[in-house]
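Just below is one structure, and these are the notes that go with it.
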Amino acid sequence: MTSQTQSVRGTGRVASGPAPGDASAANVAAEASARPALPPVRRRPLRPRLAPWLFVGPALVLAAGLLLAPLVYTLVLSFRGRQVAGGGLGLATEVWVGLDNYVRSLTDPALYASFGRMLVYALIAVPVTMGLALLFALLLDHLATRFRRFSRVSIFVPYAVPGVIAALMWGFMYLPGVSPIRDAFAAVGLPEPDLMGPVSVFFAVANVTIWGSVGFNMVILYTSLRGLPQELYESARLDGCSELQLALRIKVPLIVPGVILTGLFAIIGALQVFSEPNMMMTLTNSITSDWVPMMLVYRDAFVTNDLYGGAATAMIITLVTLVASLGLLKVLQRRAFGGES
Amino acid sequence: MSAPAVTGRTAGRAGVGRDGRPTDRGTRRGGILPTIVLLVGTAYALVPVYWLVAASTKGAGELFTTSTLVPSFTGGFVENLTALLAFNDGAFLVWSGNSVLYSVGGAVAATIVSAAAGYGLAKYDFPGKQFVFTFLLIGVLIPGVILAIPQYLLLAKIGIAGSYWSVLLPCMISPFSIYLARIYAAAVVPDELLEAGRLDGASEWRLFRSVAIVPMVPGLITIFLLQFVAIWNNFLLPFIMLSREETFPLTVGFYSMMNQGTDQLNVYNLVIIGCLIAIIPLILLFLFLQRYWRLDLVSGAVKG
């Protein structure tokens, strides 16, 4: 991290033009690129001023066109609506409706219900994912554990499985008739549980996410652990520190930034959950088409063709997400990003 | 006091007793419970994949009638595979090709864009730099899912919604990749070399190509892989953008198969074997590429 701040500061010299080797500079430049080497003293300071913009240019153009413009467009749409003019002739015109769409969205119980379900899902998925990832990372870093390489690779494997395919796989595994979980219950004489009932479906969906993301977070945390100075452990061990104490008192506090960052991504991921419940909807009636906020927006915008209402709801979700993640960032910034940016 | 400190380095790795002597037996014994927990995690990760393999061997009538974890050897696998390849005149192969096209094309473009932007942000000081970085960082926080709908509306306005470009273009911009590229460029591209190059009169573009890119390659591979997986796994963007089946990637293809379920008797069999064939190459690719990952990048723990 220190090299980061140093180098950023060091670039201050870029714009400060050439001093000594101008003659040779002009020579090499002339053969390197076919640009005229005429007034080197005037031209050199100009180039580095333009160069950074050429490097960030493509990203800026794409970000403006594909991130900023769509957001602005949605904002505009959310204040507009369709008005059928001329009494039933079906000539619809777009008009400015002010906050109407927002009022409609915010007074719709479906929105709150979907946010509530998303919250329940997130409260299961995020802590369990992060907890398991941290646990497995610490176990991988624990010297006495066997089969570490095999476990690391195996637990990482689900990350390669697309969310919708994972939802399908688990969906089948919950389904009566093909479910090994239900079979296991039956085998020991217990009643077969309904794995996609009104309540259990929250765990069913959360489980798909947990299964898919534990390994990725585990590897990130494990890499952070590997980056810690080993000397630290040795002196602690010599002082009689047990492996458990070592993990909880030394390792965990030192990788808190990594935990926070991965946790933040897990929360952002939970806020925008869509694919998994949408796919599992094809296998169960417990998931409705407005189960989570994003499904609600999708339904409004594309199924019931209420583009304007969908836009307003999308803006509300964006706002909630931004406030939530920026707020979290602000609280955690000093620990998560260190002195960066 | 100095003697244990010297041997401490090797002894510490093998496990040390209270008296400072390596205790191999103690280490093993302490490792049983952690090992069991780790193996439970491994089973949790692998059992669904095993279930998929077992289920893919079952013919049309067997899926719901035979024991779930025991594979069948009555030729169901070949039967399913043939049916899958024949489904909708080879739609599965078309979707697979599309998935590869979107993932490789989008990830290559995103990596190039991110490399340039990350390098520009890390190695130059220019007015507006902080603004540019903040603008891009906020992009990380806006859910891609929420952007997909307005992106569709906008791309529909300019008439390319439904085309390959409507999926490829949004995949090319990845704020998170730019953030990673910036951290990485700052850590591995030496200022001294850039300065020396400037004194020798190399153009800024040439410096980027011949000084900056080479040390950045491991980080760029990571960025490519992360973006590749993100696009391969993406569902909502293509689901919203595309309407013609021949442009679908695998994820949307499976969804459409599940939705026309009832008129295809063995659709579950087809989807199950399709899932298996879709994930096996990706898992193998991952295992093969493992050594090239620099996931420490993601948590920001880059050591220059």
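The table that follows gives values for the structure above.
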| item | result |
| --- | --- |
| Global geometry of the stretch B:73-113, whether rounded, prolate or oblate, following the gyration tensor of its Cα atoms and the 1.5 cut on a/c | oblate |
| Heavy-atom accessible area, 1.4 Å probe, ligands and nucleic acids excluded: residues of the stretch A:235-278 down by at least 10 Å² from chain alone | A:ARG237, A:LEU238, A:GLY240, A:GLY258, A:LEU261, A:PHE265, A:ILE268, A:GLN272, A:PHE274, A:SER275, A:ASN278 |
| Net charge contributed by nearby residues that have their C-beta within less than 12 Å of B:ALA117 (K/R +1, D/E -1) | +3 |
| Shape call, the stretch A:154-275: gyration tensor on alpha carbons, a/c limit 1.5 | prolate |
| Mean Cα-pair separation over length for the stretch A:166-295, i.e. relative contact order, pairs under 8 Å, 6 or more apart, % | 29 |
| Exposure ranking of B:TRP205, A:TRP53 by accessible area [1.4 Å probe, largest first] | B:TRP205, A:TRP53 |
| Amide H partners (placed H, <5 Å) of A:THR288, local residues excluded | none |
| Lysines whose Cα lies under 27 Å from that of A:LYS330, excluding same-chain neighbours fewer than 8 positions away | A:LYS251, B:LYS123, B:LYS129, B:LYS303 |
| Kirkwood Rh in Å, taken over all unlike Cα pairs in the stretch A:207-306 | 16.8 |
| Chains A and B, summed buried accessible surface - 1.4 Å probe, Å², nearest 100 | 10700 |
| Other-chain or far-sequence residues with amide H under 5 Å of A:ARG80's (modelled H) | A:VAL97 |
| Protection-proxy order for peptides A:276-288, A:153-165, A:314-326, each taking the mean of Cβ atoms within 10 Å per residue, highest first | A:153-165, A:276-288, A:314-326 |
| Cα convex hull volume per residue for the stretch B:111-191 (Å³) | 97 |
| Prolate/oblate/rounded label for the stretch A:257-336 (Cα gyration tensor, a/c 1.5) | oblate |
| Two-site FRET efficiency, B:GLN130 against B:ILE158, from Cβ-Cβ distance with R₀ of 30 Å, rounded to 0.05 | 0.45 |
| Label-point separation in nm, A:ARG149 to B:VAL53, each point 7 Å along Cα→Cβ | 2.0 |
| Accessible area per residue in Å² at 1.4 Å probe, computed on the stretch A:249-309 | 33 |
| Over the stretch B:34-118, volume per residue of the alpha carbon convex hull, in Å³ | 148 |
| Mean separation of Cα contacts under 8 Å (6+ apart) over length of the stretch B:94-201, as relative contact order % | 50 |
| Cubic angstrom per residue, convex hull over Cα atoms of the stretch A:67-158 | 184 |
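The values are calculated or read from the model by the stated rules, or taken from the named source; none is laboratory data. What you are looking at is a predicted structure, and each value in this text was computed from that prediction instead of being measured. Positions of Cβ are backbone-derived with ideal geometry, glycine not excepted, and every protein chain shown enters the neighbour counts. Side chains are part of the model used for accessible areas, which takes the heavy atoms of the whole protein and leaves out ligands, DNA and RNA. Shrake-Rupley method; radii C 1.70, N 1.55, O 1.52, S 1.80 Å.
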